[in-house]
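A short write-up of the structure that comes next.
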Protein chains: 2
Amino acid sequence: MKVHPEEQAIFEVCLVVPKRKTEEECVTYDCLEVLENAFQKVGFIVERIDGVTDEFMKLAAPLETLGKAAARLQMKKRTHIGMDLLFELDQVKAFVRQPDGSLFSWCERFRCYHHLIYGIVNENQSAVTLKCEEEEFQWNVGESLIRTLESKKIVKQIFPLHDEIRRKKLLGNWALNWWEFTGQPLDEVYSYFGTKVALYFAFLGMYTRWLLFPAALGLILQLVEFGSLRLLVLPIFFVSIIVWAVMFSQFWRRKNSALVARWQINYAFGGDSSFRFSGVECGSLQIPVELIKNQEMDKTKEKEAFQRFEWFGCLRRFRNDAIVILSIICLQLPFELAYAHCYEVIQSDVIKFGLTVLYLFSIQYFTRLGAKISMKLINCENYENNEKRADSLVYKIFGLYFMQSYIGVFYHALLHRNFATLRQVLIQRLLISEVLENLLENSVPYLKYSYRKYKIRSNKRREKGSSQGRIQFTSRAEKEYLKPSYSASIGVELEDGLFDDYLELALQFGMIMMFACAFPLAFAFAALNNITEIRTDALKLLAMHKRPFPRAATTIGAWLNIFQFLIVMSICTNCALLVWLYDQEGKWKIEPGLAAILVMEHVLLLVKFGFSRLVPEEPAWVKANRVQKASQVQDICSKQLLRTISGGEKTLNYVKKTV
Amino acid sequence: MKVHPEEQAIFEVCLVVPKRKTEEECVTYDCLEVLENAFQKVGFIVERIDGVTDEFMKLAAPLETLGKAAARLQMKKRTHIGMDLLFELDQVKAFVRQPDGSLFSWCERFRCYHHLIYGIVNENQSAVTLKCEEEEFQWNVGESLIRTLESKKIVKQIFPLHDEIRRKKLLGNWALNWWEFTGQPLDEVYSYFGTKVALYFAFLGMYTRWLLFPAALGLILQLVEFGSLRLLVLPIFFVSIIVWAVMFSQFWRRKNSALVARWQINYAFGGDSSFRFSGVECGSLQIPVELIKNQEMDKTKEKEAFQRFEWFGCLRRFRNDAIVILSIICLQLPFELAYAHCYEVIQSDVIKFGLTVLYLFSIQYFTRLGAKISMKLINCENYENNEKRADSLVYKIFGLYFMQSYIGVFYHALLHRNFATLRQVLIQRLLISEVLENLLENSVPYLKYSYRKYKIRSNKRREKGSSQGRIQFTSRAEKEYLKPSYSASIGVELEDGLFDDYLELALQFGMIMMFACAFPLAFAFAALNNITEIRTDALKLLAMHKRPFPRAATTIGAWLNIFQFLIVMSICTNCALLVWLYDQEGKWKIEPGLAAILVMEHVLLLVKFGFSRLVPEEPAWVKANRVQKASQVQDICSKQLLRTISGGEKTLNYVKKTV
């Protein structure tokens, strides 16, 4: 155990390894000793802690170690002139520091940790024989030590550790700070959890703040008796919430780019993936190998190869999308409709209850199946980067959830015109399910954690007899190890727990928007729910789960598009609802009222697609900074580059070859 | 007269000045001699030619002169590594040559000419007295010579000259090459006329090629008798042309970016105006002066100022748009409707004819008025660059033309359900007006040219008596001077003749798309028309007009958006037409048929807005080139830059100050 004296390094990553037996063996061959030595050689500060069942190897990295790794990773970092340049340890001054004063963001630090941990390879001439509890195995030349140990189940898990000081601080001024309403210390959240989580909370906060306006409108509509004016007030309400939603989605874009600019991350618009922030998963253009190899091919052939590659990819993606859409329509839709119909038809409450239980179980199974199939489909597609893969997955799975959540409501609303049942279903979903979900979100991880502790205790007791008293979990690392990890319910590697949180928001948004005219009070329920959601989600992240792996992202990705899609859907469904409401007698005639609604629908659709042209996505000050800096930099290095290009034909050839 | 012996410089710019009197005066003070000397000092090759009424000063610039001007202009040019760097004369090798082998494109050359011609200032200590035909005037210190002469009406015009060799070549393999169908030598057009004209012809060619498909469909629909199936065939036709149009607009984007990549122009997606190709009009972010001055303001204040500036700009633009839209709806719409109604009601053919003549005169006047008002409105808005200003103007004026062209047709189609009149109007517009327009486009400039020649001849004859024979216009420069310039009919400085050509295309597109179901044959007419349009437009540019000023552009700008808007409109109008066609009895009931049309409309709208996500705007090979080159370059200059930043704090401060 060796702690650097001058700087208090924070242990940020933890390895779980089997507990050492008491007898001291030959140290040189014990794999854990070898591992510890290797870590120290790399530059880590290692602390080994004995837990109840396992041993925990906590790692901390001084700045120097991180810097070396960053330089080796050819990490690009923002410099003071606004350009992202390759990191070099001896030019530290040139790079911008994070808002909290550290040089590397949590994302970058974790990437360095990952690189260093998995970068330990056998550099000897021959394989090394390692030993662990009688078992012996070979560490071959050039093989990663951690991967070898992982395959032998000796390293059980590697997870990021909470930083107790900052966690406590965040608990105080974020998760338990109920008086702040929708305010959150976003910069601190960013530096502790990384961009993706911070963007989620920024989005949730802004969404909740904006929700107050339609919530107030909904309350007025509910409380004030308009009498005969009611049929005039409802369309006004409808138009105003659509305009509200359109403005929200556009202003979120602006806020997003402002946040990303504040966090000094390059925010590339459109397809410019080269300037994109490359996180844990390096976002490089996945070009097939044969294209890179044949550098000697002439331009035309290269172009053709690219085009073929692009069109096959496009076709494959199209085929997969068609499979998903068709299977949703042909398999899921009849199933959901059958359930909704049975529920409507059946009189007996007991059978209804049984049916619902059966239904709930089967959709759980179907969703999992759908997620698995989607993952398989996505794996055979080619995407430019992991962000786009994740987005594609989100779209596919949201398709499933969309049908699941809304088809029953549509059935009541549009086919049966049964407004009483519709309102009942909406209240039930909004109130009960969301309150339950908030409770479950926090209690289930805690119960899991408690159950694991209980199980370990009972195992220990059975082993050693009941002589000992209550076993205490003293080390913080072990407690965190026992907490469940922050993972998505669909259980795939591309998404973490944020998937469920975003899904909840999107389904809620769809529910309140698409049936706004049938139940205006829904906005108020949603606003109340989201105010608590902010704090419970924060609590979940800080106290109930392991610290999540940091993930890099510059936007909320697919979810914003889903919100936009829901806005368009809600224009159509609300118009249908209005027609149904006006046309009480079921005459179905195109009268001035109906025609007016049709015209209104088209105007609103126009507004939806036109508004984004009116208000730019990027605030002027962000753009001004970016544009001016970029051109300034280009001018500085212009002369140097020119000389490099035209002076040395060698360099030019080098460039041409590598390009 | 002095022609460089070794390289055949091409005279590309011409100044029109008054003819020298025969008596030789004191040369040093004659303004034309001064001008010629100044041009020669700058590095131009000057040739003076006596015309019938004026003298023509032709200018040619050797590469060295152009290079110096380009370096002084801090022009950015594409280098071999794919990055745009500041031009320097001694590093010529590093820069990519144009497809025709020259170093500068016509756009860049003209920019240099412009800079050189207007850059001649009085560098003496005191004002110079110049003389021109008895009149004496002062050339003040620091004043531009050309501007002084222009204000005295001595320099009457400066215009780009045709290059006779290349013009003849283009005439042969482009304008008169009827057998090539839609094929055009686009690269040659680009290097002779610049990007904007080349993009127009590329667009026209692709549009015409694509038009053949719906033209064939329309012909089949017209020729084959479907009998009772007709009501089923029409919706299929409708869906297929909408899909066709959506695909066309997306594939044009791809073609556009491929073309621009071939011409080695940086094509910036989205808001990245810093990387944009800056043409004659430098496209810099127009930030108010007070924002740039107060560099010492802290960040927050700067941000606030930017936000205020942005929102005021947004508000002003919104107000102007509202003015335009309201005045179109409140003033133009009633007028057009009144005309359509009168035309429908009136029986007498004579009164009808009179009404139409009156109408045609008044809309001419109104359009001019509208253009003037739009220009005034745009001048008080703030745009990032001139391209966006031009786009805004195009939108506003297209609004006028849209109402003018279609409201009568809408009146017949939608209000009166008068399909006979509708078809008649469509045929009339498509056949007669387009054939007439094609004829007029070419004959009017020729007539103007002939009239001018005739007028000069008669003037001369009157002066000198009828003793002389027919006066011959021997010099090519004089002939070109007499040709009309390629200018927009609305007569504003932001747009040239391309405005009318694009307008014609857009109005035709709207006409054939919006009423496709009423008159499927229209596509065939349009295809025929466009095949001739390509050649007549080419002829117009090459033979009937002065060579147009080169204009830089990377896209066709506002026109593509107008095409997209017309597609959306056509989805709605065709659905309405289908409803009208099916609902012959006028029952207006929502029956399965009508509901199906409504659903179809929504699905098509979804396809319209979803398709652009499926097919990327930029082909993969263009993107791969761009992305890889950019990152490669960044890596090369990364180390140099880093040292500059962290080493010299001075440089950093310099950058900070100037940023």
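Just a few scattered comments:
- Being over 23 Å from the mean Cα position of the chain (by Cα), closer than 26 Å to B:Q564 by Cα and at pLDDT 90 or above is a description that does not apply to B:L315.
- Selected residue (criterion: nearest to the chain's Cα centre (by Cα)) from residues of region B:121-146 that are over 27 Å from B:K19 (Cβ atoms) and surrounded by fewer than 13 Cβ atoms within 10 Å (Cβ to Cβ): B:G142
Each row is one residue, and each column tells you yes or no for (1) within 14 Å of chain B (Cβ to nearest Cβ); (2) at pLDDT 85 or above.
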position	(1), (2)
A:E281	no, no
A:L291	yes, no
A:K303	yes, no
A:F306	yes, no
A:E310	yes, no
A:I323	no, yes
A:L326	no, yes
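- Pick from region B:93-114, criterion in contact (Cβ under 8 Å) with a residue 12 or more places away in the chain and surrounded by fewer than 16 Cβ atoms within 10 Å (Cβ to Cβ), ranking: farthest from B:V189 (Cα to Cα): B:V96
- Qualifying positions in region A:545-579 - aliphatic (A, V, I, L, M) and either more than 18 Å from the chain's Cα centre (by Cα) or outside the structural domain of A:T208 (by TED's automatic domain parsing) (or both): A:L566, A:I567, A:V568, A:M569, A:I571, A:A576, A:L577, A:L578, A:V579
- Which listed residue is out of contact with any Phe, Trp or Tyr (no Cβ under 7 Å at 6 or more places or on another chain), touching a residue at least 60 places away in the same chain (Cβ under 8 Å) and surrounded by 14 or more Cβ atoms within 10 Å (Cβ to Cβ), from B:E310, B:E344: B:E344
- Being surrounded by 19 or more Cβ atoms within 10 Å (Cβ to Cβ) and in contact with a Phe, Trp or Tyr (Cβ under 8 Å, 6 or more places away or on another chain) is a property that holds for B:A413.
- All positions within region B:583-604 that are within 7 Å of chain A (Cβ to nearest Cβ) and at pLDDT 75 or above: B:H602
- Filtering B:L494, B:L400, B:L440, B:L447 for residues that are in contact with a helix residue (DSSP H, G or I) (Cβ under 7 Å, 6 or more places away or on another chain) and part of a helix (DSSP H, G or I) leaves a single hit, B:L400.
- Region A:93-105, residues that are in a helix (DSSP H, G or I) and out of contact with any helix residue (DSSP H, G or I) (no Cβ under 6 Å at 6 or more places or on another chain): none
- Of the residues in region A:139-147, none is in contact with a Cys (Cβ under 7 Å, 6 or more places away or on another chain) and assigned to a loop (DSSP other than H, G, I, E, B).
- Of all residues in region A:55-85, those satisfying the criterion of being over 26 Å from the mean Cα position of the chain (by Cα), at pLDDT 85 or above and within 14 Å of chain B (Cβ to nearest Cβ) are A:G67, A:A71.
- Looking across region A:64-92, the residues that are crowded, with 17+ Cβ neighbours inside 10 Å, touching a Phe, Trp or Tyr at 6+ places or on another chain (Cβ under 9 Å) and not in a loop (DSSP other than H, G, I, E, B) come down to A:T65, A:L66, A:G67, A:A69, A:A70, A:K76, A:K77, A:R78, A:T79, A:D84, A:L85.
- Any hit, region A:180-191, residues being more than 20 Å from the chain's Cα centre (by Cα) and either within 22 Å of A:C14 (Cβ to Cβ) or assigned to a helix (DSSP H, G or I) (or both): yes
- Test: residue in region A:116-129 that is among the acidic types (D, E) and more than 14 Å from chain B (Cβ to nearest Cβ): yes
The values are calculated or read from the model by the stated rules, or taken from the named source; none is laboratory data. Note that the structure is predicted; figures quoted are calculated from it, not measured. Counting neighbours? That spans all protein chains shown, and the Cβs are built from the backbone with ideal geometry, glycine included.
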